[in-house]
1. List the residues whose amide H sits under 5 Å from the amide H of Leu379, counting only those 5 or more places along or on another chain, with H placed 1.01 Å from N in the peptide plane.
2. Show which aspartates and glutamates lie in cross-link reach of Lys346 when reach means a straight Cα distance below 16 angstrom and same-chain residues fewer than eight apart are skipped.
3. Scan around Leu188 for amide H atoms under 5 Å from its own, H built in the peptide plane at 1.01 Å from N, and keep only partners 5 or more places away or cross-chain.
4. Quick one: Karplus J couplings for region 345-361, per residue in order, coefficients 6.51, -1.76, 1.60, θ = phi - 60°, nearest Hz, x for Gly and Pro?
5. Sequence gap at least 6, Cα distance under 8 Å: using those rules, report the relative contact order of the chain to the nearest whole percent.
6. For the chain, the longest stretch holding no GluC sites (Glu not before Pro) located in a DSSP loop with at most 16 other Cβ atoms within 10 Å is which?
7. For region 375-426 and region 246-306, compute the distance between their C-alpha centroids and round to whole Å.
8. Could you work out [θ]222 nm for the chain from helices alone, using -39500 (n - 2.57) per DSSP H run of at least four and dividing by all its residues? Round to the nearest 500 deg cm²/dmol.
Amino acid sequence: MKIMVVGGGGREHAIIKSLRKSPKVQKIFALPGNGGIAADAECVNIGATDIEGIADFAEKEKIDYAVVAPDDPLAMGAVDLLQEKGIRCFGPVKDAAIIEASKIFSKNLMKKYGIPTAAYEVFEDMDDALKYLETAPIPTVIKADGLALGKGVVIAETREEAAEAVLSMMRDEKFGASGKRIIIEEFLTGPEVSVLSFTDGNAVVPMISSQDHKRALDGDRGLNTGGMGVVAPNPYYTEEIAEECMNRIFLPTIRAMKEEGRTFKGCLYFGLMITADGPKVIEYNCRFGDPEAQAVLPLLESDLLTVMEAVTDGKLSETEVRFSDRSSCCVILASGGYPQSYEKGKVLSIGDMDEDTDVFVAGAKMEEGVLKTSGGRVLGITSTADSLREAIAKSYENAGKVEFEKAFYRKDIGKRALEALAEERR
Ligand code: AMP
Ligand code: GLY
């Protein structure tokens, strides 16, 4: 089969490497891909948000199956357009992608269907929001309604900070139209768990749970980033919690979307917090998480293409989705300065990786035969092993082989997960 993967980051590289293991795959195109992905797929210079260009390419190349990985093209209707041209796809249609594209939609959905989440209020008027903040419990959480490159959430520790966040979103339009409407919600505490799931709109099959590390610096300090590393499985996600999530969150969400006439097919990402009152939804994403996919997909033993096709064809309940019982750790190497300003164009040397270790390239391009950095997050190193401790050690050992000027990475990915495991044994 001729496959097309839309996107060009570490997540897409992980999807492509998984797909390559399928005996059914003959050729993979990446739109646009990147300098590292080029080793595993043919990169085509069509941007991930050029959905017309993507659909035209798929038609011209007679693509047998398309995977749309990033949120933007999904929210813009890339899958709808591809389907109109008769291309089979993995990913939700626009009407279903709204579960990520509008936080107000997802909060109202959860309220209507009794799915546990933080209490919240919606504001369309700035003065109403500011007035509400005068008496709201602190800390409080301010969220822009729409997509904001993962930056539309502010945890405000004081009333002043909260008001500032509202002003920057609603008056200064920091996130453009995405911040015209906002949510102010209850601040929850507890360990966070990411659960990516396959769903065909009826059945839902959770993948191995994982734990992202969003802050830039060790000890969860520094600015929020797209993710600096992931471990899987997440030790806080016990069997008991998994069962509760299935019954109170996963299945109710899938059924709610169907009930609303917005059947969701693809990968639905549940961002959860395990609070003292049980698991609650922090956010939904309509796609594989990045870097979560880089830690989770290397543990998938079943053929990814077969599972994806089952999602498309509504046959997920008849299809085996098997994960290894090993553990994985993904460490992200970033350009010095990220997530603020950083330099690009540094010569990138990856070195020889050990067995059970993958390199997923996120931000690199090939210039005259030399691989150079081209983004904030440059690559992810994922190792798998029989235990989480070994996976972490192995991934750090291999991360140490990568060289580029001003490279940095967190040294404590998985530390808290190991502490939780030790706690459990006690
Ligand atoms: P998001 O962009 O929705 O992933 O939110 C970013 C991060 O903000 C989440 O991963 C949480 O750590 C935090 N967060 C979001 N909502 C809440 C909340 N209601 N209470 C506490 N933390 C939150
Ligand atoms: N790692 C968080 C996300 O993909 O949204």
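The values are calculated or read from the model by the stated rules, or taken from the named source; none is laboratory data. A quick note: this is a predicted structure, and the numbers were derived from the prediction, not measured. Neighbour counts are summed over all protein chains in view; Cβ atoms, including those assigned to glycine, are modelled from backbone coordinates with ideal geometry. Accessible surface is based on the protein model in full, side chains and every heavy atom, while ligands, DNA and RNA are left aside. Shrake-Rupley method; radii C 1.70, N 1.55, O 1.52, S 1.80 Å.
1. Placed amide hydrogens put Leu333, Ala362, Gly363 under 5 Å from Leu379.
2. Glu367, Glu368, Glu403, Glu405
3. The list, which skips near neighbours in sequence, is empty: none.
4. x, 7, 5, 10, 10, 8, x, 8, 8, 5, 4, 6, 10, 10, 10, 10, 8
5. About 16 percent, as a whole number.
6. By the stated rule (loop sites, at most 16 other Cβ atoms within 10 Å), 174-300.
7. Centre-to-centre distance over Cα atoms comes out at 24 Å.
8. Dividing the helical sum by the residues of the chain leaves -8000 deg cm²/dmol.
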